[in-house]
1. Look at residue 319 and say whether it is part of a strand (DSSP E or B) and acidic (Asp, Glu).
2. Based on what the data block shows, is residue 202 without any contact (Cβ under 8 Å) to a residue 24 or more places away in the chain, among the small types (Gly, Ala, Ser) and closer than 30 Å to residue 338 by Cβ?
3. Of everything in the range 620-653, what is farther than 17 Å from residue 584 by Cβ and of a type in the set (Ser, Thr, Tyr)? Give them in sequence order.
4. If residue 757 meets every condition in (1) buried (at least 16 other Cβ atoms within 10 Å of the Cβ); (2) modelled with pLDDT of 80 or more; (3) under 42 Å from the mean Cα position of the chain (by Cα) apart from one, which number is that one?
5. Restricting attention to the range 278-292, does a residue exist that is of a type in the set (A, V, I, L, M, F, W, C), touching a residue at least 60 places away in the same chain (Cβ under 8 Å) and either part of a loop (DSSP other than H, G, I, E, B) or surrounded by 13 or more Cβ atoms within 10 Å (Cβ to Cβ) (or both)?
6. Which count do you get for residues in the range 146-179 that are of a type in the set (Gly, Ala, Ser), buried (at least 20 other Cβ atoms within 10 Å of the Cβ) and not in a strand (DSSP E or B)?
7. Let me spell it out: the conditions are (1) at pLDDT below 85; (2) of a type in the set (Phe, Trp, Tyr); (3) touching a helix residue (DSSP H, G or I) at 6+ places or on another chain (Cβ under 7 Å), and residue 139 meets all of them except one. Which number is the exception?
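The values are calculated or read from the model by the stated rules, or taken from the named source; none is laboratory data. Quick caveat, the model's predicted, so the values are computed rather than measured. Counting neighbours? That spans all protein chains shown, and the Cβs are built from the backbone with ideal geometry, glycine included.
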Amino acid sequence: MRHESIPSQPFYEQVYTYAPIGIALVSLKGEWLRVNPELCRMMGYSEEVLTTLTLHDLTYPDDLPADYHVKELIEGRTSSCSLEKRYFRKDGSLLWASLHVSLAREEKTGEPLYYILHLIDISEKKAAESELQDTGDFYRLMLENARDVITYSRADGTMLYCSPAARTLLGYEPEELIGSRNLSFYHPDDLAALRSRTFEDSDVFTCRVLHKNGHYQWFETAVTLNRDESGKVKFILGVGRDITDRKKNEELLAEAQRVASLGSWEWDIPKAEVIFSDQLYRIHGLEPREKEWIPAQMLETVHPKDRDHILAGLSQALETGGLEQEYRVIDKDGGIRYMHVRGETVLDGDGKAVRMSGTVQDVTDRKNVELKLQETVERYTSLKKYNHDAVFSLDLQGRVHNTNQMAERLTGYVVADMVGVTFARFIGEEHLKEILTHAEEDRTAEQKIDKIRHRDGHSVEVLTTIAPIVINGETVGYYIIAKDITEQKRLVLAKDAAESMNKAKSEFLAMMSHEIRTPMNGVIGMTDLLLTTTDLDPLQKEYVAVIRKSGETLLAIINEILDLSKIESGKIRLEESPLDVRQVLAETLDILKPRWDGKGLGMTVSVEETIPCVLRGDPARLKQVFLNIIGNAVKFTDSGEVSVSVQRAGGERGEFRLKVTVRDTGIGIPEDKREHLFEPFYQLDQFMLRKSEGSGLGLAISRRLVELMGGEIWAEPVKGPGATFVFTVVVKQEEAGGTSGTAVENPEEPEGQKGLSILVAEDNEVNRLVLQKMLEKLGQRVRLVENGKEAVEEAVRSRYDLIFMDVRMPVMSGLEATRLLKEKLPPERRPVIVAVTANALKGDREMLLAAGMDDYISKPITRDTVASIIERYSRQEHAEGQAGR
């Protein structure tokens, strides 16, 4: 709304419109009358929406009482007022505003008309003030609640500040310490060392500090020196932590190490310095040194014969991170002592070794026990020698102490070569660790040791028994008794070989799937385009239809060949749909007609009239059998004729048993070959024509399919030339009310289908052309690329709604391209990715979807399949667009 007395002169309108501050006219009731653009921007509302609200609607509740200033304007006690208030923006956030309010009155009567508001956004200023206050509060809380004693002192040690933690840790009130010198609280023995020490600007020292009750506590203090421009120390910041308990633990640890004959060491790799603990000096019988060792000096403590062994272990630890070895030292009396060293490597941010630390333990007593164990084990040498099984005796580290002749046969090593060798050489580190760790508690550990590795690299199947070697109630080693069960495993090996052959066959079929389906895609796709996009005369359409039908039939055969393993395992599933035997036979003969016409053969066909036109069965499987049997008859007949007859041969209630007989006047089948006809990969033409043609699977697959359809197939003996094949199948009668088929109409173009931006990634030129023409006919915008790398570059550069992505492409595969697109593109820019693959094996779809594809189509591709994909994702995109509105 607009008030009649509101000024509207051009000059004032310019000021009002372009002012950098918010300006508003508000009615006496608090209604927004007019607001300038800057105020709309500040509040986040348009002028139309804002003028529907009141000032009260947008004012922060706690700031409403400030409106008493407005009452003073009404009453004439002041002409204007200024205050700070908070208002709600449209997005819910608060706007802090510096507000100047004045009242417009009628010139003659002085009657109040409306308020004039000037608003300046001071939100950032308020936020800065709040942050400054919060920062001060934070540091105050941090100092008051810190568990460490924080002091601030002059250069001479006079304390200017002390945190409240002194009350808890030292018993003093902070006020008692301020003004005193902190040096007066240090232990006299530590004070002398501190006075002689030169401190860095940031340094740490440890000393004892006097508690108020008279005892001393250990403190670790970090100091920071604050210097003036001339470099002279002005103030000292100290942070002290009570480490009394840690000191006690260190003393206890030192005592424990002394009892366990355990010392520690640390190697600073960049500085080439090695530090020994006091206990480590004692273990080696050495006097403590003031200076750190260098690595070469450290090796002087090792027995000369073990030095190369230690050097090799250290070199490996720098790469693997762990060190664990044994070595010998010579004590002052010339005796040998055994040491066990452990270490861990520390890496810097670049993965470079910078430090190694660890322990050394005197294990001489344990080693002596092991030597006695070896002596005891020798008593059983005779038993081991004449045992029919391989017997190994191990120490607690898994090294072989002794073994027998059967072990020599099992491993290929002589006994002398095995003694002292870790048993992991024969069974692996993991299994050896299992024996040494769990053998006594877990009796199943021996079941996991089922192979012994022979010297020449092969593994011998064994049955293993593990027995602990116990002396004086203590386990000091283990017996491993291994029985060679190679002969017992031959059946298992045969089974594994069969499974390996099946795997190789599956891989071959997968490869052939891709190689065959790729050109088939071009054949069927081009015929599909010819039928749907080209004006053909009736004869041309008939020819193209036969080509297409032949291609589709060939594709069905390929599918069955690829799934041969499923047929052989009996897991193939028949489809049940309306079946017209005459129609299936006619389609088969249409495909084969060019072949018998080319040879000038006659073809006679008869179907018994009592056979109904509509039955129920699997037309595709029956057609496949027809193609194989009749095709062979045409193939092996050069003159004469081929006859096909279909008769009813009985059947149970509701079923029909059909008998099909195919006769030809060809070269016939030798009597001794008939029994091999239906074996897989047995090619009839090898012995009939002396040349190889076909896969040798046709009759084998036909027999499997016929058996699945409840029938049987055989070749009848024939006197003279020619051959006769007979097979039976069982089909069902169509139920009353059933239909002979379902009419399939060409789908109409779905609404919203046109106009998608589509990228086709396909390395085969024919397949690219097929997809391009199909998509363009469907009204889509298409761009073509030849490999996954180009697909990624194009999809990143331009926006696409959908990508048809071939799986196997040079340079970069479709799977790798999909992964990169998922990484590079944000969710809102990612196109739908449809895998286009020639693979048709079980699990391919799941694998592709798991790899990031959104959908999957298999070659050969038809126009209907492409149209279905376009329709599905066009509707999905449309639905998502509607939801976004």
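1. no
2. It is false that residue 202 is without any contact (Cβ under 8 Å) to a residue 24 or more places away in the chain, among the small types (Gly, Ala, Ser) and closer than 30 Å to residue 338 by Cβ.
3. Hits for the range 620-653 are 637, 639, 643.
4. (1)
5. Looking for residues that are of a type in the set (A, V, I, L, M, F, W, C), touching a residue at least 60 places away in the same chain (Cβ under 8 Å) and either part of a loop (DSSP other than H, G, I, E, B) or surrounded by 13 or more Cβ atoms within 10 Å (Cβ to Cβ) (or both), one finds at least one in the range 278-292, hence yes.
6. Matching residues across the range 146-179 total 3.
7. In the conditions (1) at pLDDT below 85; (2) of a type in the set (Phe, Trp, Tyr); (3) touching a helix residue (DSSP H, G or I) at 6+ places or on another chain (Cβ under 7 Å), residue 139 misses (3) alone.
Each row is one residue, and each column tells you yes or no for (1) assigned by TED's automatic domain parsing to the domain that holds residue 275; (2) under 47 Å from the mean Cα position of the chain (by Cα); (3) farther than 21 Å from residue 258 by Cβ.
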{"site": "297", "(1), (2), (3)": "yes, no, yes"}
{"site": "304", "(1), (2), (3)": "yes, no, yes"}
{"site": "318", "(1), (2), (3)": "yes, yes, yes"}
{"site": "334", "(1), (2), (3)": "yes, no, yes"}
{"site": "337", "(1), (2), (3)": "yes, no, no"}
{"site": "352", "(1), (2), (3)": "yes, yes, yes"}
